[in-house]
1. Once both labels are modelled 7 Å past Cα along the beta-carbon direction, what's the residue 108-residue 147 spacing in nm?
2. Label points 7 Å out from Cα along the Cβ direction at residue 71 and residue 84: separation in nm?
3. List the residues, sorted by chain then number, that are 5 or more residues from residue 17 or on another chain and whose placed amide H is less than 5 Å from its amide H.
4. Which ³J(HN,Hα) values in Hz, rounded to whole numbers, follow from the phi angles of the range 104-115 under the Karplus curve 6.51 cos²θ - 1.76 cosθ + 1.60, where θ = phi - 60° and Gly and Pro get x?
Amino acid sequence: MFCPQCGQQQVSGEMRFCSRCGFPLGGVMQLLASGGMVATSDATTGTSIRPLSPRRKGYRQGGLMMLISLIVMPLMAILSELGLPELLIPLSGIIFFWGGAIRMMYARFFEDAGVPAPPAALPVYVPPAGPAQFVAGAPQAALPPQRSAPASGWRQPTNTAEMRPPPSVTENTTRLLDDRDEPPKR
């Protein structure tokens, strides 16, 4: 096995940390043992987390609604003493208590008891190949190679405008209008 951080080959597969960089290899061993798939587990109990079936979710939602009715009905009774209509007490009981019971019955008769199938395996991520300088374990020089000409070869550029005066724009056009075949004057 090789360290995923520095590329150091490990002496045995039972190493807990990389001998070169100290990278923890326990998670790497679990990843290799599961064929590259990350296993989700509950950190407190160490058991795998299973998704709830739709029926079980319905039971939980119905039970929660029934528990809410135990809080809402006395609260409505207190608020009715302060001026709210007394009709809200039985209305909240119907909505929450019986709504929870109806939700539980719906889950019992119409929802699936099986756990939904796990999604298809996701493709494994393969990082793109980069330049050799970024590859782990590649030898690297202290400084990058030279990319420009050294400053010692630099000299002051010559000003070409001083050597010959720039020609006039109209001079060339005027020469084209002349019928004579004389060479142009400089």
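No value in this document is a laboratory result; all are computed from the given coordinates. Treat the numbers as computed from the prediction; the structure is a model and nothing was measured. Note that each Cβ is placed from the backbone with ideal geometry, even for glycine, and that neighbours are counted across all protein chains shown.
1. 7.4 nm
2. Label-label distance for residue 71 and residue 84, simple model: 1.4 nm.
3. Amide H to amide H, under 5 Å and 5 or more residues apart or across chains, residue 17 pairs with 25.
4. Rounded to whole hertz, the list is 5, 5, 4, 5, 5, 8, 10, 9, 6, 8, x, 6.
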